[in-house]
Every structure is written in C-alpha cells, then in structure tokens.
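Derivation of every value follows stated rules applied to the coordinates shown; laboratory data play no part. Keep in mind it's a predicted model, so treat the numbers as computed, not measured. Quick reminder, even Gly has a Cβ in these numbers, built from the backbone with ideal geometry, and neighbours come from all protein chains shown.
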Amino acid sequence: MDLICPLCNGLIEYHVVCEECGSDMTDAGALVNYLDNYSPYLSNDITQQVDGASYDKCVHLFQCDVCNKDKRVTIKRVRR
Ligand SMILES: [Zn+2]
Ligand SMILES: [Zn+2]
C-alpha cells in the first residue's frame, strides 16, 4: 500500500482556526518528525503508531502565531 500524507507532500493546504483567538494556525509539521528527534532509536513503524498516527493517518502539529496554542490534527493519507 502506497499512501502519502497530502499535507507533508504539499498537495493541499489545510487551514486550522485557533480555538482561543480565532487566528489562522500554522502547520508546524508532522508529529512523527518531532518524535524522531526524541527517539532516533525507534523505527518508523513504531513512531507512526504513537499519538493516533497510523499507516493511513498523519498527525500534524498546528501552532497559533498569536497566542502560541498548539493543536494536533489528524490528516488522512491518500493514494499517490
Ligand atoms: Zn503529514
Ligand atoms: Zn490563538
């Protein structure tokens, strides 16, 4: 199965509105990338199962520039 995250690959733009202040939140990247920094010894298979991410989902971290609130958004992977 060849599934890719449309957000990681720049296929779509995803807009998230901050629950606190209503500003546009910025995509800070896939959560898996952050996890890799903290746990380089883990294989990709394992980290992708963390925090709701799975083979068909990619979890992104969105951050509000105004109030610094962050939010995790689950993105469904699509076929290439
Ligand atoms: Zn992604
Ligand atoms: Zn905000």
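Placing a label point 7 Å from the Cα of SER23 along the Cα-to-Cβ direction, the residues of segment 64-79 whose backbone N falls under 16 Å of that point are 64-71. Label positions at LEU11 and GLN63, each projected 7 Å from the Cα along the C-beta direction, are separated by 2.7 nm.
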